[in-house]
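Encoded as structure tokens, the structure appears first; notes follow it.
Please treat every number below as a calculation from the coordinates, not as lab data. Values in this document were obtained by computation on a predicted structure and should not be read as measured data. All Cβ positions, glycine included, derive from the backbone under ideal geometry; neighbour counts span all protein chains shown.
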Amino acid sequence: MIMTAQLLLSLSILIVVHEGGHYLAARAFNIKVEKFYLFFDFLFPMANVLNFSLIKFKKGDTEFGIGWFPLGGYVKIAGMVDESMDKEAMKAPAEPWEFRAKPAWQRLIVMLGGIIVNVIVGIIIFVSMVYVLGDTYIPKNYVNIHGGIQALELGEQLGLKTGDQIININGKDYDDFQDITKADVLLSQNSYYTVLRDGKEIVVSIPGDFIENFNRKDAALKFAWYRFPPIVGQVSPGTLAEKVGLQPGDQFFEIDSTPVAYQDEVSKIVKSGKRDSISFKVKRGEQVLSFHESFKDQEIIGFLPKNIGEENLAKIDYSLGKSIGTGTTRAFNVIFVQLKAFKKMFSGQLSFTKSLSGPIGMAQIYGGVWEWERFWRITGLLSMVLAFMNLLPIPGLDGGYVVFLLYEMISGREPSEKFFETALKVGMGLLLLLMVFVFYNDIAKLIFG
């Protein structure tokens, strides 16, 4: 429910600002806007099926409302064939306040209005996040000095091993440990990690389709993590740890006569197989405490380890000027990543099925807890993605109209009405098929993983 609510709020904001861009551009050129709707008041793309709205009111010449079909929204601009496919109004001579009566350059700006506003909103969100929050991250040097990485399931599949020190990515140094899983890295051609293992530098190549493994929300937690000492942070009630009196700050250094220096070593030994008993030693200040306890039918000792302290994290605060540059770069990097992903999909290096997600997949990204920082980060990202997707040259999307208008401006003549209508129908059909596909794909991922 929380995931769905976050997705609906985010999409509602982005749809309103997108359609608002079209609305403001149209009004700037004195073009009449008949309707402004969040969501569709019909069964998209069938404009004459189930026509009703949840809320509507009239202000000036425009009817504002919220439709019942929560996949998108639209503005109905007078003198333009759009999602409503209202062709009857086009048979009469053009009025001066209609879209079709305006010069091509004005119509082009109207069609680009939504995309431009989405880009502006995306940039504002990214800049604001950078300015208000700055950057807090785990330094690569800290990870490498303190035991390297813990290679998890996906990391081991790639060829990483626990204890590896990732010293550079694609031959370049880096600071933020989480850079190792950035989409830009995983999508780059011939990507690789340079790893220091047992004193030797080793190259670990990243396959072109490896990013497909990161479509699941928990994928990053199955790749690699930093190592930390096995220090008790919190004792879980009703467990062996509580029974023997472990306390926060106790540090394990031996389990079943095997020395341990990191939490992953503790977990590996404890989960290595069933046992009737377990022995371990911990340090508590200057004391050494030894335990030998029954462990039959148990799987955990029962404590949450103390995580990396804030004093070991890197913190960067940005001035307003620096935030504008950094935030804008990060916003446009979303589009560059999308371009890389599309290139790999169309070249066959990435699977469409694994790479595309619909509303269900998008909702999962938000998680089950409402966190405003994450909400705005995802909203900023989606704003840039929405701008990119709408610019695709598909009839029915803004990019399709832009192509026709550019043709008109270059050739000096409009495409024939029949060609335009046919192209629009084909485009709407493709969008409908894509919508059905992504819904099916999301459901299949939920069922089959």
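For segment 106-122 versus segment 239-260, the spacing of their alpha-carbon centroids is 60 Å.
Dividing the mean sequence gap of close Cα pairs (under 8 Å, 6+ apart) by how many residues segment 232-299 holds gives a relative contact order of 28 percent. In this structure the amide hydrogen of Phe36, modeled in the peptide plane, comes within under 5 Å of the amide hydrogens of Glu63, Phe64, Gly65, Lys76, none closer than 5 places in sequence on its chain. For the residue pairs Lys182/Lys315; Lys76/Lys102; Lys161/Lys340; Lys140/Lys200; Lys59/Lys102, alpha carbon separations beyond 25 Å are given by Lys161/Lys340. Note on Met389 and Thr258: with the Förster distance fixed at 35 Å, the Cβ-Cβ geometry gives a FRET efficiency of about 0.05. In segment 5-87, the DSSP beta bridges split such that about 75 percent are antiparallel, to the nearest 5.
Under 22 Å between alpha carbons, and skipping anything fewer than 8 positions from Lys296 in its own chain: which lysines qualify? Result set, ordered by chain and number: Lys243, Lys268, Lys271, Lys274, Lys281. May I ask for the angle, rounded to the nearest 10°, between helix 398-411 and the longest principal axis of the chain, with both axes built from Cα atoms and the value confined to 0 to 90°? Approximately 50 degrees, to the nearest ten.
Here segment 1-146 carries DSSP beta bridges of which approximately 75% are antiparallel, counting only pairs with both residues inside.
Taking each residue as 0.36 nm, the span from Asn30 to Tyr192 lengthens on full extension beyond its C-alpha to C-alpha distance by 52.9 nm.
Computed from phi, the 3J(HN,Hα) profile of segment 306-322 under the Karplus parametrisation 6.51, -1.76, 1.60 (θ = phi - 60°) reads 6, 7, 4, x, 4, 5, 9, 8, 8, 10, 10, 9, 10, 6, 4, x, 5 Hz, with x in place of Gly and Pro. Hey, of (i) 93, 45, 43; (ii) 66, 64, 41; (iii) 87, 52, 50, which did the structure itself give for Cα extents along the principal axes in Å when calculated? Answer label, from the structure shown: (i).
The aspartates and glutamates whose alpha-carbon is closer than 15 Å to the alpha-carbon of Lys283, local same-chain residues fewer than 8 away aside, are Asp250, Glu254.
Place the peptides 12-18, 189-195 in order of packing, highest mean first, counting for every residue the other Cβ atoms within 10 Å and averaging per peptide.
On the way: 12-18: 19.3, 189-195: 16.0.
Highest to lowest by the protection proxy: 12-18, 189-195.
The Ala314 and Phe420 beta-carbon pair, evaluated with R₀ = 51 Å, returns a calculated FRET efficiency of approximately 0.40. Under the rule of -39500 (n - 2.57) per DSSP H run of 4 or more residues, summed and divided by the residues of the chain, what mean residue ellipticity at 222 nm is obtained, to the nearest 500 deg cm²/dmol? Helix contribution divided over all residues of the chain: -14000 deg cm²/dmol. Less than 5 angstrom separates the built amide H of Ile394 from those of Gly399, Gly400, all sequence-distant by 5 or more or on a different chain.
The slack between Leu133 and Asp297, meaning 0.36 nm per residue of separation minus the straight C-alpha distance, is 54.4 nm. Where the centroid of each part is defined by its Cα atoms, how far is segment 35-54 from segment 156-187 in Å? Segment 35-54 and segment 156-187 have Cα centres spaced 47 Å from each other.
Bridges between two residues of the chain, per DSSP, are antiparallel at a rate of about 90%.
Relative to the longest principal axis of the Cα atoms of the chain, helix 104-133 runs at roughly 20 degrees.
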